[in-house]
Amino acid sequence: MKMQSAMLTSISDTLWRKPNLLILLLILPPALWLGIIYLGSLFALLAQSFFSIDEFSGVIQYELTLKTYGELFRPSNFDIIIRTVVMATAVTIGAAIIGFPVAYFAARYAQGKWKPIFYLGVMMPLWSSYLVKVYSWKLILAKEGILNWIFESLHLSWLLNAYLAIPVIGGYSLSVSATGTFLVFLYVWLPFMILPMQASLERVPHTMLEASGDLGARPYQTFRHVLLPLALPGVIAGSIFTFSLTLGDYIIPQIVGSSRRFIGQAVYAYQGTAGNIPLAAAFAVVPIILMAFYLWLAKRKGAFDAL
Amino acid sequence: MFLLIVFVWIKKLRHLVVNTGLEAGPKHPQGGSLMKNILKSSVAILMGLSFAGQTMAQTMITEIGEGEGQVNIVAWPGYLERGETAEAFDWITSFEESTSCMVNVKTANTSDEMVALMNEGGFDLVTASGDASLRMVAGKRVQPINIDLIPSWSTVDDRLKNAPWHYVEDMHYGVPYMWGPNVLMYSTEVFPEAPTSWEVVFKAMDLPDGEPNQGRVQAYDGPIHIADAANYLMFHNPELGIISPYELNEDQYAAALDLLREQRKIVSRYWHDAFIQIDDFKNEGMAASGTWPFQVGLLQGDNTPVASTIPQEGATGWADSTMMHAEADNPNCSYMWMEHTLSSNLQSDLSVWFGANPAVLAACTDGRGMQTAEGCTANGLDDFDRIKFWTTPVSSCESQETCVPYYRWVSDYIAVIGGR
């Protein structure tokens with residue numbers, strides 16, 4: 001008993017004398033987690049992309065080569081990258097345009113019990129299963145779905161058909177068109193845009209907006225020169241979510257859309273189905289590079305200065 | 001989600017270690033590159049002893065021991081039923097009760113998915129089609145089967161016993177499971193009579209209801225669909241000289257791709273998941289598509305106005321075999337299952353359920369399940385010779401000097417779907 005307490009005392013003395021040791025001990029588990037599991041798996045992925053595949057048996061050849069990265073620039077693969085980036089950009093811009101007024105209203109005008117109701121309204125879609133949401137959208141957008149029915153009842157089918165006749169964004173029905181994919185992406189990722197925006201808008205002091213008005217700024221000028229710059233960190237944070245989530249998703253474009261591949265699907269197809277892990281890994285590196293570039297650009301634009 | 005990613009990558013790492021360990025040895029005496037060694041050692045430290053059980057079992061089993069309590073099977077959707085989708089269709093429960101081997105099923109939607117799952121490991125058996133089986137034999141992912149341990153082997157259809165998609169170098173790598181055609185499904189509201197040609201899904205045209213087929217047809221979302229185009233050209237463009245739709249030289253292959261590019265313009269969605277296709281025939285007003293009899297059966301069961309046919313060009317088809325992983329953890333239960341596939345109600349009831357043909361001819365007639373002789377004829381039992389069975393395209397092919405190999409089919413088909 002005595003010996004045990006002596007040992008404990010000496011341990012606590014050591015820790016007290018060397019505070020750095022204590023910090024090291026405390027920080028070691030999360031550091032190991034981050035270093036080995038998180039970064040380790042990432043580097044394993046990067047390493048895979050420098051291998052290549054034996055084309056018949058599908059067995060990977062473990063010799064360093066850049067051949068796999070070269071394959072990314074084949075027109076068909078490069079199309080996939082461009083298609084995904086354009087979609088991610090469109091979804092991000094769409095989410096910002098739709099999300100901003102919603103977040104603004106929630107931050108400024110929702111009072112009392114309306115505030116939690118607003119939060120619930122935005123978050124509720126996140127609680128239901130992702131797959132259920134996507135499948136129900138497939139039904140909503142289908143040729144014989146509710147949206148078509150509404151257009152028909154309003155005698156506006158010609159409008160929808162004219163829209164669907166536009167190449168690239170149109171198609172046989174909304175559920176097999178790029179527009180359909182866009183709408184579902186927009187719906188699914190919108191909360192990730194609204195919530196950070198709302199948080200940043202709440203922190204904008206309303207005295208500033210009033211001061212701007214007092215000094216003769218028109219509402220647009222107040223928005224452009226006062227509100228937007230102050231809320232920009234939230235917009236950027238939201239856009240990082242929507243952009244990166246769209247870049248990586250592989251389920252939505254498989255269920256809704258024209259079957260043209262996105263990066264996530266290419267990764268899934270090459271890794272999961274063709275066994276071409278090197279090419280899948282090379283594809284997976286693309287969003288990492290894109291996001292790094294995006295963050296660098298955002299930083300250069302001063303988006304993080306206000307944080 | 002994050003945990004899942006980590007998990008997947010640990011699995012990949014494991015795969016990597018196993019592979020480097022095995023492949024690097026005899027082939028590269030120097031011991032491989034630095035990167036390989038770094039990966040190997042770091043992973044070895046990380047993963048410790050957890051993979052100590054990994055051994056390469058290349059030799060055949062000579063006797064069946066006690067069951068291990070479970071068997072893990074990769075299968076096509078609809079292939080392994082335990083009465084959960086429809087109560088009458090159950091061929092797993094009786095097996096589990098009599099052998100105490102619990103059956104764990106992982107479904108895969110394409111042959112490529114099956115090969116990938118088997119490459120990953122952790123499974124005992126796979127119901128592989130001919131376009132997957134030879135790849136797995138070449139990749140040493142499956143082990144030879146000792147047919148002496150399967151008493152019902154003698155009942156297998158003679159046309160399948162030594163079929164080239166599982167019988168390699170005098171060794172059996174699989175037990176025939178089920179075969180059938182890729183039929184043309186059509187909406188009976190659009191077609192009062194069955195279409196006589198695959199043309200309706202390949203070329204832009206007006207269908208009998210007066211509307212164009214653009215947007216109302218689908219095609220299979222797997223590179224093997226190139227063979228369907230080749231099969232069509234075999235009939236309509238004999239000057240191309242195609243002998244087998246799986247053995248195409250550069251010119252024939254280019255012609256098939258051109259046909260598929262034309263098809264891209266009229267296809268609204270490439271079907272990948274059988275149940276999404278079923279939904280599309282219900283809610284998207286689809287008129288025609290190549291499909292498996294499985295979807296036709298489910299749609300008809302749901303009173304959707306569809307029917308199926310094998311048009312004049314013949315059809316591609318699949319012939320599946322149960323194959324056993326080279327490192328199967330549960331070999332005894334696996335052998336018991338293979339015997340079960342041939343001797344139980346499986347062959348008969350599955351052929352009704354999937355609209356396919358049993359590998360055991362007696363299953364059509366001996367009343368072990370629901371199938372009848374008429375049912376087998378309706379499923380195309382007598383059309384064996386009209387069906388070109390899925391096989392993996394390889395560069396050294398029998399019918400001509402060199403053929404376009406499968407890896408190009410994969411990337412080119414992705415390009416065609418992307419509109420290139």
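The Cα atoms of the stretch A:97-250 give a gyration tensor whose axes a ≥ b ≥ c have a/c of 1.5 or more with a/b greater than b/c, which makes the shape prolate.
Highest mean packing comes first when the peptides A:199-212, A:74-87 are listed by Cβ atoms within 10 Å, giving A:74-87, A:199-212. If R0 is taken as 45 Å, the Cβ-Cβ distance between A:Thr89 and A:Ala211 corresponds to a FRET efficiency of 0.80.
Loop-located GluC sites (Glu not before Pro) across the stretch B:327-408 with a Cβ neighbour count of 13 or fewer within 10 Å are B:Glu398, B:Glu401, with loop assigned by DSSP. Averaged over peptide B:104-117, the number of partner chain Cβ atoms lying within 10 Å of each residue's Cβ comes to 3. Dividing the summed helix terms, -39500 (n - 2.57) for each DSSP H run of n ≥ 4, by the number of residues in chain B produces a 222 nm estimate of -11500 deg cm²/dmol to the nearest 500. Restricting the stretch B:193-252 to GluC sites (Glu not before Pro) that sit in a DSSP loop and have at most 16 other Cβ atoms within 10 Å of their own Cβ leaves B:Glu193. Our coupling estimate for the stretch A:160-165, obtained by passing each phi through the Karplus curve with A = 6.51, B = -1.76, C = 1.60 and θ = phi - 60°, is 4, 5, 5, 5, 5, 6 Hz, Gly and Pro reported as x. When only the Cβ of Lys, Arg, Asp and Glu is charged (+1, +1, -1, -1), the dipole of the protein assembly as shown relative to its Cα centre reaches about 4440 debye. For A:Gln61, the amide hydrogen comes within under 5 Å of the amide hydrogens of A:Ser52, A:Ile53, A:Asp54, counting only partners 5 or more places away or on other chains and with H modelled in the peptide plane. Shielding of peptide B:280-287 by partners, expressed as the average count of other chain Cβ atoms within 10 Å per residue Cβ, is 5.
Neighbours of B:Ser348 by Cβ distance under 11 Å: Lys/Arg scored +1, Asp/Glu scored -1, total -1.
Mean projection of the Cα convex hull over all viewing directions, computed for chain A: 27.6 nm².
Treating each Cα of chain B as one equal point scatterer and applying the Debye formula with no solvent, the log10 of I(q)/I(0) at q = 0.12 Å⁻¹ comes out as -1.05.
Between B:Lys388 and B:Ala315, B:Thr316, B:Gly317, the built amide H atoms are under 5 Å apart, and every one of these is 5 or more places off in sequence or on another chain.
For the stretch A:145-176 and the stretch A:227-273, what is the separation of their C-alpha centers, rounded to whole Å? Centre-to-centre (Cα) distance: 25 Å.
Taking a Cβ cut-off of under 14 Å around A:Ser157, the surrounding Lys, Arg, Asp and Glu residues balance to a net charge of -1, with basic ones at +1 and acidic ones at -1.
Only Cα pairs under 8 Å and 6+ residues apart enter the sum, and on that basis the relative contact order of the stretch B:313-414 stands at 26 percent. Taking amide H as placed 1.01 Å from N in the peptide plane, the amide H of B:Ala108 sits under 5 Å from that of B:Ala75, B:Trp76, each at least 5 places away or on another chain. Here the peptides B:278-287, B:152-161, A:104-113 are ranked by packing, the mean other Cβ count within 10 Å, and the order with the highest first is B:278-287, B:152-161, A:104-113.
When the alpha carbon gyration tensor of the stretch B:169-287 is reduced to an equivalent ellipsoid, the three semi-axes, largest first, read 27, 20, 13 Å. Counting charges near B:Asp228 (Lys, Arg +1; Asp, Glu -1) among other residues having Cβ under 10 Å from its Cβ returns a value of 0. Rounded to the nearest whole Hz, the Karplus-based 3J(HN,Hα) values (6.51 cos²θ - 1.76 cosθ + 1.60, θ = phi - 60°) of the stretch B:319-336 follow the sequence 9, 9, 10, 7, 10, 10, 4, 4, 10, 4, 7, 10, x, 5, 4, 4, 5, 4, with x at glycine and proline. Shielding by partners for peptide B:412-420, expressed as the average number of C-beta atoms from other protein chains within 10 Å of each residue's C-beta, is 6.
Give the shape of the protein assembly as shown as rounded, prolate or oblate, defined through the alpha-carbon gyration tensor: a ≥ b ≥ c are the square roots of its eigenvalues, a/c under 1.5 means rounded, and otherwise the shape is prolate if a/b is larger than b/c and oblate if not. Since a/c reaches 1.5 but b/c is at least a/b, the shape of the protein assembly as shown is classed as oblate.
Indicate the gyration tensor shape class of the stretch A:163-204 (rounded, prolate or oblate), computed on the Cα atoms with a ≥ b ≥ c the square roots of the eigenvalues: a/c under 1.5 is rounded; otherwise a/b larger than b/c is prolate and the rest oblate. In terms of gyration-tensor shape, prolate. When +1 charges are put on Lys and Arg Cβ atoms and -1 charges on Asp and Glu Cβ atoms, the dipole computed for the stretch A:190-307 relative to its Cα centre reaches about 340 debye. Rounded to the nearest whole Hz, the Karplus-based 3J(HN,Hα) values (6.51 cos²θ - 1.76 cosθ + 1.60, θ = phi - 60°) of the stretch A:81-94 follow the sequence 5, 4, 4, 5, 5, 4, 4, 4, 5, 4, 5, 5, 5, x, with x at glycine and proline.
No lab work stands behind these numbers, since they all come straight from the coordinates. In this text, all values refer to a predicted model and were calculated from it rather than measured experimentally. With ideal geometry, Cβ positions are generated from the backbone for all residues, glycine too; neighbour counts draw on all protein chains shown.
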